[in-house]
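Structure first, then comments.
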Amino acid sequence: MAAEGLDETDLGILHLLQKDARNNTPVDIARELPVSDQTVRNRIQKMERMGVLEGYVPVINYRNAGFSIRLEFCCTAPIQRREELAQAALELPHVVRVEEMLSAHENVRVLAVSNDSDEIHQIATEIDELGLTIVSERLRRCAYVQPFNHFGKGVVSDE
């Protein structure tokens, strides 16, 4: 079930933006949906105001950019400080993503990138100094993503 105020057209727009926000212009999106490009622009602005669309982030291949080391730190934070520590971890050098989990143990995951194996210890030390307890460190090889398939289901084709 979609959020209140979103219809099939909005969901179709979200689906196409998830697939490729860079190359799907309002004109391109309008070709896929039974609406005008101005309607697409208006709907995107509406979803930005609603907080549904928070930004447009490029998908970066860190290995191809010269940062071959991608580390995931599984950490535990005191529940009452979980959000605060997650936000603080995001400010650390080399950290590119932080996720909060709804659990008492391993409730913060920190993803960091580097091109220098000597920096791994420094990154771990900085995370520890924030007050996060590092439970495990994992070297990440690949991540695979796809658009959430319920946006636009039956509205746009997935060819």
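Every number here is computed from the coordinates shown, using simple stated rules; none is lab data. Everything numeric in this text was worked out from a predicted model, so none of it was measured. Using ideal geometry, Cβ is built from the backbone for each residue, glycine included, and neighbour counts are taken over all protein chains shown.
Name the residue farthest towards the positive end of the dipole of segment 8-50 from the options 42, 12, 30, assuming +1 on Cβ of Lys and Arg, -1 on Cβ of Asp and Glu, about the Cα centre.
Of 42, 12, 30, it is 42.
Just want to confirm a number: the relative contact order over the chain, from Cα pairs under 8 angstrom separated by 6+ residues, in percent.
Relative contact order here is 29 percent.
Which FRET efficiency value, to the nearest 0.05, do you get for residue 100 and residue 149 by plugging their Cβ-Cβ distance into 1/(1 + (r/R0)^6) with R0 = 35 Å?
0.90
Can you tell me how much longer the chain between residue 57 and residue 118 gets when fully stretched, taken as 0.36 nm per residue apart minus their C-alpha distance, in nm with one decimal?
19.1 nm
What is the magnitude of the charge dipole of segment 8-50 about its Cα centre, with +1 placed on the Cβ of each Lys and Arg, -1 on the Cβ of each Asp and Glu, and no other charges, expressed in debye to the nearest 20?
140 debye
Taking just the alpha-carbon atoms of segment 8-50, what radius of gyration and Dmax come out, in angstrom?
Rg then Dmax for segment 8-50, in Å: 9.1, 24.
Pick out, in residue order, every one of the trypsin sites (Lys or Arg not before Pro) in segment 16-73 that is DSSP loop and has at most 10 other C-beta atoms within 10 Å; say none if there are none.
For trypsin sites (Lys or Arg not before Pro) across segment 16-73 that sit outside H, G, I, E and B with at most 10 neighbouring Cβ atoms in 10 Å, the list reads 22.
How big is the dipole moment of the chain about its Cα centre under a simple scheme where the beta carbon of each Lys and Arg is +1, that of each Asp and Glu is -1, and everything else is neutral? Debye, nearest 20, please.
Dipole magnitude for the chain comes out near 360 debye.
Which GluC sites (Glu not before Pro) in segment 12-100 sit in a loop by DSSP (not H, G, I, E or B) and have at most 14 other Cβ atoms within 10 Å of their own Cβ?
Here the sparse-neighbourhood loop sites are 54, 91.
How far apart, in nm, are two points set 7 Å out from the Cα along the Cα-to-Cβ line at residue 19 and at residue 138?
3.0 nm
Which option, (i) 19.7, 64; (ii) 17.5, 63; (iii) 19.4, 55, is the value of Rg and Dmax of the Cα atoms in Å that was calculated from these coordinates?
(iii)
Against the longest principal axis of the chain, how steep is helix 119-130, in degrees 0 to 90 to the nearest 10, with axes from Cα atoms?
The angle comes out at about 90 degrees.
Roughly what angle does helix 8-20 make with the longest principal axis of the chain, taking Cα atoms, 0 to 90 degrees, to the nearest 10?
Rounded to the nearest ten degrees, it is 50.
Output the 0 to 90 degree angle, nearest 10, between the alpha-carbon long axis of helix 37-50 and the longest principal axis computed from the alpha carbons of the chain.
For 37-50 against the chain, the angle is about 40 degrees.
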